[in-house]
Amino acid sequence: MPSRLSLAETLARRGRTREAIQEYETLLQSRPDLIAARLSLAELLAGQGQPQEAASQLREALRRKPNNAFILERLGDLENARGLRAEALDAYQAALRCTTDPKARKRLQRKIR
């Protein structure tokens, strides 16, 4: 029997989004520390028109892995898409402070402008 994570990933790839969301949620009940599953769930939720739920997943990921530039940038992108520019800028600036990667810094600086 495949693991719940691989099952959720397969369902998502096949476009069976609702089922994938259910699998990720079930998985995260028993393994709340799985950041990759939380990020994938956030992406699916955002794609299903549930941006608040997606943001909640990203914030929970940040609570578990603070100062993660990747998660902060994803949160900024989501907030920007929701029209919450001030919140997006806060997330982008926090991400910029957390990374030394030149490509990421350049990308974040463009988003801040």
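Considering (1) in contact (Cβ under 8 Å) with a residue 24 or more places away in the chain; (2) of a type outside the set (Lys, Arg); (3) more than 29 Å from Gly83 (Cβ to Cβ), say which one Leu44 fails and leave the rest. For Leu44, the failing item is (3).
Can you pull out the residues in the range 47-61 that are surrounded by 17 or more Cβ atoms within 10 Å (Cβ to Cβ) and under 9 Å from the mean Cα position of the chain (by Cα)? Residues satisfying the conditions are Ala54, Ala55, Gln57, Leu58, Ala61. All of (1) of a type in the set (S, T, N, Q); (2) modelled with pLDDT under 95; (3) surrounded by 15 or more Cβ atoms within 10 Å (Cβ to Cβ) hold for Ser3 with one exception: (3). Inspect the range 6-21 for any residue being closer than 23 Å to Asp90 by Cα and surrounded by 15 or more Cβ atoms within 10 Å (Cβ to Cβ) and give the result as yes or no. Scanning the range 6-21 turns up no residue that is closer than 23 Å to Asp90 by Cα and surrounded by 15 or more Cβ atoms within 10 Å (Cβ to Cβ).
Kindly state which helices (runs of 4 or more DSSP H) lie completely within the range 1-73 and contain at least 3 residues that are within 24 Å of Asp101 (Cα to Cα).
Values: elements: 4-13, 17-30, 35-47, 51-64.
Helices (runs of 4 or more DSSP H) meeting the threshold: 35-47, 51-64.
So which residues in the range 74-87 are surrounded by fewer than 21 Cβ atoms within 10 Å (Cβ to Cβ) and not in a loop (DSSP other than H, G, I, E, B), if there are any at all? Matches in the range 74-87: Asp77, Asn80, Ala81, Arg85, Ala86, Glu87.
Residues that are within 12 Å of the chain's Cα centre (by Cα) and charged (D, E, K, R) within the range 26-46 comprise Arg38, Glu43, listed in sequence order.
The values are calculated or read from the model by the stated rules, or taken from the named source; none is laboratory data. The shown structure was predicted, so the numbers you read here are calculated from the model rather than taken from an experiment. Cβ sites come from the backbone with ideal geometry, for glycine too, and all protein chains shown count toward neighbours.
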